[in-house]
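Colleague: Before we start, here is the structure in question, set down as structure tokens.
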Amino acid sequence: MTKFYEKNFSQRLKEAVPDPKLQELFLQHADLAHDKVIENYLTDLPVPVGLLRQLVVDGHTYLVPMATEEPSVVAAANNGARFLTNIETVYQTHLRFGQILVMGDFDTLDAVYLKHKDDLKKTAQLVYPSIVARGGGLKELHFRQMDANSFSFDALIDTQDAMGANIVNTIVEAIAEQLRSWQVDVLAAIVSNLPTTSMTEMKAVASGLDLPSMKKIAALSHFATIDFHRAATDNKGFLNGASAIVLASGNDWRAFEAGAHAYAAIDGNYKSLASWTINSQNQLIGRVKMPVQLGIVGGTISQNKVAVGLLKLTQVHSADELARIVLAAGLAQSLAALRALVGEGIQKGHMKMQRRAKGEDK
Ligand code: NDP
């Protein structure tokens, strides 16, 4: 008997969905290209895409699509961006982080590492020649002890304009195979979603706000550095903006958010990713620094024609540029949220948009 996942799309639709009206609905929203992307494909789930119209990053004005189901997010991002006339890159690195997790004793493993480091690097280049030809590939390999018998070979890999998880996994699995051939007890090899070698830091100066409001925003931002409950919600506000672009660009938003939250707790004390402070010239300064692994090619981006079109609309030319736009939008979103909270409160704007979304407010 043919298994469910082996049946063609229309057979599966008929078998799983007896109601003809639901069948029609799911068919209407289906994109048959996606039948090859995931197993047991049924339909597409529409998510509204709105525009952040004037996001100025490093002197360049971007038109940025945001995919979100939450009514007030796009309005807030546009509102926050009004006060940020230029958001600048402070710092950016882009080596993705792979791990080969091994067990054993330090002396034996360290000896293998010292003796075979260059062989392992060669293996990495040979298994993925196309990324090497693009100027990427394994750049560094480190040996790190975690506890008495647990170790990681950390592989720092340039995946160019790809998010890179598959590229990294191919390379670390090849290194793992090679280590096993030398009797190293390799448990697993996998990309890390906390690539501390793939960091983006952005800084923004807010203008057009009065000093009392700026002081309240900075004070509220401080609360998100000293209280987990407030920090989680502050990060939700930042990610409202950032993740909406990650999703619109066809990227893996779980990978992005896993990195965000892990980095927020990197010193053992979960904090906000974005922070707002007042400098000596009474300017409100926003900053964000976190690991980002996004791509403009690779994964399933090319199978998502709308995502490809949206990337084209934004005129983004590299994965690093996309990372900067995403964090800049997060800062705009964060400012709008904090400004509303210390001003009229969050509910007035939120509920107006909710009512409009439900068709109650014409
Ligand atoms: P791919 O496996 O598709 O690799 C990217 C491909 O893009 C390369 O093979 C390369 O082809 C091609 N390419 C074309 N132009 C460029 C360029 N300028 N720079 C770099 N590559 C280019 O995808 P990724 O490695 O990016 O992996 C992303 C996927 O991995 C996502 O779908 C993610 O969900 C998934 N994933 C995530 C995990 C995690 O986060 N933990 C774990 C496992 C998977 P060529 O051969 O021509 O060089």
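Let's see how each residue does on (1) among the β-branched types (Val, Ile, Thr); (2) without any contact (Cβ under 8 Å) to a residue 24 or more places away in the chain:
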site	(1), (2)
Ile38	yes, yes
Leu42	no, no
Arg82	no, no
Val127	yes, no
Ser130	no, yes
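Colleague: Mind counting the residues in the stretch 1-21 that are surrounded by 14 or more Cβ atoms within 10 Å (Cβ to Cβ) and either within 30 Å of the chain's Cα centre (by Cα) or assigned to a helix (DSSP H, G or I) (or both)?
Modeller: Result for the stretch 1-21: 4.
Colleague: Taking the condition within 21 Å of the chain's Cα centre (by Cα) and part of a helix (DSSP H, G or I), does Asn169 pass?
Modeller: Against the criterion (within 21 Å of the chain's Cα centre (by Cα) and part of a helix (DSSP H, G or I)), Asn169 qualifies.
Colleague: A further question follows. Being more than 16 Å from the ligand (Cβ to nearest atom), in a helix (DSSP H, G or I) and without any contact (Cβ under 8 Å) to a residue 24 or more places away in the chain narrows it down to one of Ala75, Ala111, so name that one.
Modeller: One residue alone meets the criteria, Ala111.
Colleague: Follow-up question, since we're still on this one. Only one of Ala242, Ala231, Ala248 is touching a residue at least 12 places away in the same chain (Cβ under 8 Å), within 21 Å of Ala165 (Cβ to Cβ) and away from the ligand (no atom under 16 Å from the Cβ). Can you tell me which?
Modeller: On the way: Ala231 fails: within 21 Å of Ala165 (Cβ to Cβ); Ala248 fails: away from the ligand (no atom under 16 Å from the Cβ).
Answer to the selection: Ala242.
Colleague: Filter the stretch 62-94 down to residues that are more than 21 Å from Leu209 (Cβ to Cβ) and either among the hydroxyl-bearing types (Ser, Thr, Tyr) or within 17 Å of the chain's Cα centre (by Cα) (or both), then give me how many there are.
Modeller: Residues in the stretch 62-94 being more than 21 Å from Leu209 (Cβ to Cβ) and either among the hydroxyl-bearing types (Ser, Thr, Tyr) or within 17 Å of the chain's Cα centre (by Cα) (or both): 11 in total.
Colleague: Here's something else I'd like to know. Suppose we filter the stretch 79-95 for residues that are outside any loop (DSSP other than H, G, I, E, B) and touching a Lys or Arg at 6+ places or on another chain (Cβ under 9 Å); how many remain?
Modeller: Within the stretch 79-95, residues that are outside any loop (DSSP other than H, G, I, E, B) and touching a Lys or Arg at 6+ places or on another chain (Cβ under 9 Å) number 10.
Colleague: Yes or no: the stretch 13-30 includes at least one residue that is touching a helix residue (DSSP H, G or I) at 6+ places or on another chain (Cβ under 6 Å) and at pLDDT below 95.
Modeller: Checked the stretch 13-30: no residue is touching a helix residue (DSSP H, G or I) at 6+ places or on another chain (Cβ under 6 Å) and at pLDDT below 95.
Colleague: Quick test for you: out of Ile217, Ile190, pick the one residue that is surrounded by 15 or more Cβ atoms within 10 Å (Cβ to Cβ) and not in a helix (DSSP H, G or I). First the steps, then the outcome.
Modeller: Values: Ile217 fails: not in a helix (DSSP H, G or I).
Answer to the check: Ile190.
Colleague: When you go through (1) touching a residue at least 60 places away in the same chain (Cβ under 8 Å); (2) in a helix (DSSP H, G or I); (3) of a type in the set (Lys, Arg) one by one for Lys312, which number turns out not to apply?
Modeller: Checking Lys312 against (1) touching a residue at least 60 places away in the same chain (Cβ under 8 Å); (2) in a helix (DSSP H, G or I); (3) of a type in the set (Lys, Arg), the one that fails is (1).
Colleague: Assuming Gly295 fulfils every condition listed in (1) away from the ligand (no atom under 16 Å from the Cβ); (2) touching a helix residue (DSSP H, G or I) at 6+ places or on another chain (Cβ under 6 Å); (3) of a type in the set (Gly, Ala, Ser) apart from one, which condition is it?
Modeller: Failing condition for Gly295: (1).
Colleague: On to the next question. Could you please find all residues in the stretch 167-189 being without any contact (Cβ under 8 Å) to a residue 60 or more places away in the chain and either within 16 Å of the ligand (Cβ to nearest atom) or basic (Lys, Arg) (or both)?
Modeller: Passing the criteria: Thr170, Glu173, Ala174, Arg180.
Colleague: Output the residues belonging to the stretch 205-214 that are touching a residue at least 60 places away in the same chain (Cβ under 8 Å) and either part of a helix (DSSP H, G or I) or over 23 Å from Val74 (Cα atoms) (or both).
Modeller: Those that are touching a residue at least 60 places away in the same chain (Cβ under 8 Å) and either part of a helix (DSSP H, G or I) or over 23 Å from Val74 (Cα atoms) (or both): Leu211, Ser213, Met214.
Colleague: Here is a list of conditions, (1) assigned to a loop (DSSP other than H, G, I, E, B); (2) within 16 Å of the ligand (Cβ to nearest atom), and Leu138 meets all of them except one; can you say which number that is?
Modeller: So the condition that Leu138 fails would be (1).
Colleague: Only one residue in Lys203, Lys216 is over 19 Å from Asp252 (Cβ atoms) and either touching a helix residue (DSSP H, G or I) at 6+ places or on another chain (Cβ under 6 Å) or within 16 Å of the ligand (Cβ to nearest atom) (or both). Which one? Break it down into steps so the answer makes sense when it comes.
Modeller: Numbers: Lys203 fails: either touching a helix residue (DSSP H, G or I) at 6+ places or on another chain (Cβ under 6 Å) or within 16 Å of the ligand (Cβ to nearest atom) (or both).
One residue alone meets the criteria, Lys216.
Colleague: Working only within the stretch 190-200, note down all residues that are polar (S, T, N, Q) and more than 16 Å from the ligand (Cβ to nearest atom).
Modeller: Filtering the stretch 190-200 down to residues polar (S, T, N, Q) leaves 192-193, 196-198, 200.
If the condition is that a residue be polar (S, T, N, Q) and more than 16 Å from the ligand (Cβ to nearest atom), then Thr200 is the only one that fits.
Colleague: OK, next. Take the residues in the stretch 142-166 that are more than 24 Å from the chain's Cα centre (by Cα) and among the aliphatic types (A, V, I, L, M), then tell me which one is nearest to the ligand (Cβ to nearest atom).
Modeller: Step by step, filter the stretch 142-166, then rank; the result is Met146.
The values are calculated or read from the model by the stated rules, or taken from the named source; none is laboratory data. Note that the coordinates shown come from a computational prediction; the quantities given were computed from them, not determined experimentally. All Cβ positions, even for glycine, are placed from backbone atoms using ideal geometry, and neighbour counts span all protein chains on display.
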